[in-house]
Amino acid sequence: MKTVFLDRDGVINRNPPNMGYVRRWSEFSFIPNSRKAIRELTQSGYRIIVVTNQAGIGRGLFSEEDLKDIHSRMVSKITETGGRIDAIYYCPHHPKAGCECRKPKPGMLIRAVREHNIELSSAYLIGDSTTDIQAGRCVGTKALLVLTGLGQESYYHYINTEPCGWADENRHRPGKIFIDLYTATRWLLKNDT
């Protein structure tokens with residue numbers, strides 16, 4: 001089964017103002033057509049896995065129970081429109097914790113591969129930040145950047161770190177750049193062979 005990894009904030013839902021965190025469901029707002037994109041991926045037979053950094057937990061701004069409530073409601077709304085989320089992986093750690101799961105490190109992706117028997121060479125990762133792209137590239141997915149969320153900033157500014165030890169900076173560039181998840185999905189469905 002082909003797999004699409006999706007970042008959450010800035011890809012599925014809008015980032016809250018002032019670069020804050022979605023701390024409760026009342027602060028969650030879907031990006032236009034993101035549910036439609038997920039529905040089309042679902043109907044085309046893709047497994048959809050969300051991989052999201054949630055440092056607000058590590059910073060003490062909300063709890064894991066709050067996050068589980070947000071995710072439960074998000075999945076319910078996606079299901080209502082005919083889409084499906086097969087799994088959600090999140091990193092709850094503070095950015096300075098040094099964990100292996102916080103993107104750009106690939107820990108969440110590696111765990112998903114083990115638990116879902118994913119063939120990475122045919123998988124895609126769609127994200128709005130260079131850390132998303134780096135994590136996807138690090139494990140061998142086709143990484144696509146969307147310009148929603150942090151995407152425009154990421155388009156103009158590159159992180160030059162080498163989390164995989166690769167010297168070729170092109171390894172951190174997205175394969176393609178799209179306006180939003182829906183346009184990325186339309187391209188993927190036409191071009192994924």
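Things worth noting here:
- Any hit, region 127-137, residues being under 16 Å from D7 (Cα atoms), touching a Gly at 6+ places or on another chain (Cβ under 7 Å), among the acidic types (D, E) and assigned to a loop (DSSP other than H, G, I, E, B): yes
- Considering region 3-44, the residues that are in contact with a Lys or Arg (Cβ under 7 Å, 6 or more places away or on another chain) and farther than 17 Å from G149 by Cα include one that is least open to solvent (accessible area, probe 1.4 Å), namely T3.
- In region 180-193, residue surrounded by the most Cβ atoms within 10 Å (Cβ to Cβ) [restricted to those that are within 15 Å of the chain's Cα centre (by Cα) and not hydroxyl-bearing (S, T, Y)]: L181
- Every residue from region 59-85 that is of a type in the set (D, E) and either surrounded by 16 or more Cβ atoms within 10 Å (Cβ to Cβ) or closer than 16 Å to R23 by Cα (or both): E64, E65, D66, D69
- Long-range neighbours under 7 Å by Cβ, at least six apart or interchain, first residue over 10 Å from I88 (Cβ atoms) within region 63-74, second assigned to a helix (DSSP H, G or I) and of a type in the set (A, V, I, L, M): S63/I57; E64/I57
- Checking each residue in region 75-101 for being assigned to a helix (DSSP H, G or I) and more than 21 Å from S129 (Cα to Cα) picks out V75, S76, K77, I78, T79, E80.
The values are calculated or read from the model by the stated rules, or taken from the named source; none is laboratory data. Fair warning: this is a prediction, and the values are worked out from it, not measured in the lab. Don't worry about glycine lacking a Cβ; one is built from the backbone with ideal geometry, like all the others, and counts go over all protein chains shown. Remember, those area values only see protein heavy atoms, side chains included, never the ligands or the DNA or RNA. Shrake-Rupley method; radii C 1.70, N 1.55, O 1.52, S 1.80 Å.
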